[in-house]
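Asks: Can you read through this structure? Questions will come right after.
The values are calculated or read from the model by the stated rules, or taken from the named source; none is laboratory data. As the structure is a computational prediction, the values presented were derived from the model and not from experiment. Cβ placement follows ideal geometry from the backbone for every residue including glycine, while neighbour counts extend to all protein chains displayed. For the accessible areas, the whole protein counts, side chains as well, though only heavy atoms, and no ligand, DNA or RNA atoms are used. Shrake-Rupley method; radii C 1.70, N 1.55, O 1.52, S 1.80 Å.
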Amino acid sequence: MNHAKTDGFWATFRSVNLYKKNQGRVARQLVAGAGAIAVCLLCWSMNQTLLADAGSVPRTAATVVCVVAGLWAMFRVVNLPQFAEFLIEVQHEMAKVSWPNWPSLQRSTAVVLFTMALLGTVLFCYDVVWHWTLRFINVLQF
């Protein structure tokens with residue numbers, strides 16, 4: 001019963017069916033939620049900029065239509081077979097990940113922060129030395 005290959009993209013996009021609704025649910029919900037936030041922010045930005053000169057009723061109507069269309073698009077995108085399969089596989093692979101315990105995470109974070117601070121200090125020293133050298137030989141003049 002794979003209608004995606006026979007019906008085409010637009011027929012699948014208009015459909016209200018959920019593709020493998022019990023698989024990859026968390027990944028799909030997170031992607032749809034992030035997309036919904038992006039759609040709402042985009043519509044709000046459009047309301048504040050492109051539609052700023054429009055009247056109150058057309059501005060509100062255009063914003064509502066944009067939000068509804070964007071949310072429908074996000075709902076359908078996470079249920080397109082190719083994308084849904086990808087998200088199902090992502091959730092399956094994330095279940096296999098061995099997450100570090102809290103002390104290991106603290107040690108790793110401390111190592112990363114120390115390394116970044118050390119690297120920042122070294123690069124700052126290089127910058128100061130090159131700045132002083134280039135000013136000394138009159139390449140940089142202020």
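Asks: Scan the range 51-87 for residues that are part of a loop (DSSP other than H, G, I, E, B) and either at pLDDT 90 or above or among the small types (Gly, Ala, Ser) (or both) and jot them down. Step through it out loud before you land on a result.
Replies: Kept after step one, since they are part of a loop (DSSP other than H, G, I, E, B), are these residues of the range 51-87: 51-55, 78-80.
Answer for the range 51-87, where residues must be part of a loop (DSSP other than H, G, I, E, B) and either at pLDDT 90 or above or among the small types (Gly, Ala, Ser) (or both): Ala52, Ala54, Gly55.
Asks: May I ask you to list the residues in the range 122-136 that are open to solvent by 70 Å² or more (accessible area, probe 1.4 Å), hydrophobic (A, V, I, L, M, F, W, C) and within 35 Å of the chain's Cα centre (by Cα)?
Replies: Matches in the range 122-136: Leu123, Phe124.
Asks: Could I ask something else about it? Could you grab the pairs with beta carbons closer than 9 Å, sequence gap of 6+ or different chains, first residue in the range 14-27 and in contact (Cβ under 8 Å) with a residue 12 or more places away in the chain, second one hydroxyl-bearing (Ser, Thr, Tyr) and open to solvent by less than 90 Å² (accessible area, probe 1.4 Å)?
Replies: These pairs meet every condition: Tyr19/Thr12.
Asks: Six or more apart or on different chains, Cβ atoms under 6 Å: show the pairs whose first residue is in the range 51-76 and touching a residue at least 60 places away in the same chain (Cβ under 8 Å) and whose second is hydrophobic (A, V, I, L, M, F, W, C) and surrounded by 13 or more Cβ atoms within 10 Å (Cβ to Cβ).
Replies: Hits for this filter: Arg76/Phe13.
Asks: Can you say whether Leu87 is open to solvent by less than 60 Å² (accessible area, probe 1.4 Å) and farther than 30 Å from Ser15 by Cα, as far as the supplied structure shows?
Replies: Details: open to solvent by less than 60 Å² (accessible area, probe 1.4 Å): yes; farther than 30 Å from Ser15 by Cα: no.
When the stated conditions are applied, Leu87 does not pass them.
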